[in-house]
Amino acid sequence: MKTKIQEKFKTLFGQDGVFYASAGRINLIGEHTDYNGGYVFPGAIDCGIMAEIKLNGTQKVKAFSMDYDEFVEFGLGEEDKPEQQWARYIFGVCRETIKRGGKVEGFNTVFAGDVPLGAGLSSSAALESTFAFALNDIFKNNIDKFELAKIGQSTEHNYAGVKCGIMDQFASIFGKKGSLIRLNCKTLEYKYFPFNPEGYKLVLIDSCVKHELASSAYNKRRASCENAAAAIRKNHPEVEFLSDAKRVWLDEVREDIPEEDFLRAEYVIGEVQRVLDVCDALERGDYETVGEMMYQTHFGMSRLYEVSCEELDFLNKLARKMDVTGSRVMGGGFGGCTINLVKEELYEPFVKAAKEQFEAKFGHAPKVYDVVISDGARKL
Ligand code: ADP
Ligand code: MG
């Protein structure tokens with residue numbers, strides 16, 4: 001990828017620039033916990049965005065996307081917003097940097113990526129983080145890493161219309177090879193944990209379906225969580241978010257809230273604990289326990305939180321049947337990928353069976369992505 005970018009940069013601009021890169025991400029465990037003030041546990045992966053950049057002495061950005069085979073030029077003022085979605089991410093990062101008092105001037109760039117788009121691996125965060133990190137480095141703006149992640153998040157909010165949380169950009173900026181990062185979504189404290197599953201592989205099976213319910217169901221889940229938290233708060237005023245509640249405190253209010261809200265809350269409180277249990281297991285190098293927790297999360301998302309779907313349950317069940325170490329739906333649910341922790345010797349038969357049996361049942365083949373936990377935003 002680097003050579004291709006370099007050649008194109010030379011052809012377009014007749015010079016050489018400096019290389020920066022960032023990564024997509026996975027979340028090992030901790031789903032629907034972010035808006036409940038709980039933990040998420042993401043890591044950067046070995047696919048991402050790579051960009052060559054050089055200042056051009058003007059107030060214009062000249063950008064070429066290798067993957068869209070398209071050149072766009074835009075100014076740096078709010079009124080200069082480009083038409084192309086991919087260029088808006090770069091524009092947004094420039095604008096959000098300027099809004100924070102950072103310096104940004106015109107530059108030339110050629111970039112390319114290998115994060116599958118829209119598969120739940122956050123290719124957009126990889127793109128934002130690459131440029132947020134690069135601009136900060138080039139213009140010596142001294143913006144701290146957390147704020148760089150927020151530049152990406154604000155770009156999603158203000159220039160892509162996606163009201164996302166901080167996890168994707170956080171993972172893409174802070175990611176480190178061989179480490180997952182536990183982020184407390186309430187306090188924003190974070191801690192690295194080792195993730196070196198020797199003898200295992202991490203593989204995503206993409207169902208390639210996205211069921212429509214997602215946004216209305218999401219709002220209903222949030223309302224249930226808030227309702228359960230409010231009921232618990234009456235007995236335990238320290239409960240700000242549902243994740244602050246102990247399991248026994250939920251049992252105290254079982255009769256006071258609808259059964260549905262109880263089940264939703266049961267999942268969330270369990271999930272927060274599972275993230276902690278997985279972290280402990282990783283410190284012991286105990287990947288079997290990690291895998292078991294992943295299955296528990298899948299069960300919770302499917303039966304208690306009810307955000308799975310037939311395709312994902314099918315893939316999860318197949319993994320269990322084949323003795324795959326861990327498997328669960330990754331992301332918000334209603335489609336997308338399962339993330340699987342698979343012993344190396346089981347990898348090939350599992351992937352083969354998943355492809356064949358999924359296609360036989362649902363009429364289209366799933367996609368398969370191998371991932372390795374790798375570095376996030378960096379200068380090359
Ligand atoms: P994801 O879940 O992968 O983040 P999004 O829809 O949020 O999906 O982001 C995908 C968008 O990000 C693309 O439509 C494109 O605008 C931009 N993007 C991602 N990767 C690339 C790339 N390699 N080249 C150009 N634009 C990219
Ligand atoms: Mg995205």
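The values are calculated or read from the model by the stated rules, or taken from the named source; none is laboratory data. Predicted model only: the values in this text are computed from it and were never measured. Cβ atoms come from the backbone with ideal geometry, glycine included; neighbour counts cover every protein chain shown. Heavy atoms of the whole protein, side chains included, go into the accessibility calculation; ligands, DNA and RNA do not. Shrake-Rupley method; radii C 1.70, N 1.55, O 1.52, S 1.80 Å.
Computed quantities for the displayed model
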read-out: Tally of residues being among the polar types (S, T, N, Q) and within 24 Å of the chain's Cα centre (by Cα) across the stretch 329-366; value: 2
read-out: Cβ-Cβ under 6 Å pairs, at least 6 apart or on other chains, the stretch 355-380 side surrounded by 14 or more Cβ atoms within 10 Å (Cβ to Cβ), far side acidic (Asp, Glu) and not in a helix (DSSP H, G or I); value: 366/206; 367/206; 372/46; 374/46
read-out: Condition check for residue 20: open to solvent by less than 60 Å² (accessible area, probe 1.4 Å), within 24 Å of residue 149 (Cα to Cα), assigned to a helix (DSSP H, G or I) and assigned by TED's automatic domain parsing to the domain that holds residue 92; value: no
read-out: Candidates 116, 82 - the one that is part of a loop (DSSP other than H, G, I, E, B), modelled with pLDDT of 95 or more and either within 20 Å of residue 49 (Cβ to Cβ) or not assigned by TED's automatic domain parsing to the domain that holds residue 185 (or both); value: 82
read-out: Extreme residue, modelled with the lowest pLDDT, among residues of the stretch 127-162 that are in contact with a helix residue (DSSP H, G or I) (Cβ under 6 Å, 6 or more places away or on another chain) and part of a loop (DSSP other than H, G, I, E, B); value: 162
read-out: Pairs with Cβ under 7 Å, 6+ apart, first in the stretch 121-132 and over 14 Å from residue 165 (Cβ atoms) and near ligand 1 (Cβ under 6 Å from one of its atoms), second part of a helix (DSSP H, G or I) and aromatic (Phe, Trp, Tyr); value: 127/89
read-out: Scope the stretch 322-371; condition among the small types (Gly, Ala, Ser) and part of a strand (DSSP E or B); matching residues; value: 326, 327, 335, 336
read-out: Residue list for the stretch 50-78, restricted to those being open to solvent by 20 Å² or more (accessible area, probe 1.4 Å) and either within 30 Å of residue 299 (Cβ to Cβ) or assigned to a strand (DSSP E or B) (or both); value: 50, 54, 55, 60, 62, 70, 71, 73
read-out: Residue identified as more than 16 Å from ligand 2 (Cβ to nearest atom) and either of a type in the set (Phe, Trp, Tyr) or under 16 Å from the mean Cα position of the chain (by Cα) (or both) among 180, 127; value: 180
read-out: Residue in the stretch 85-113 that is farthest from residue 173 (Cα to Cα), counting only those that are near ligand 1 (Cβ under 7 Å from one of its atoms) and part of a helix (DSSP H, G or I); value: 85
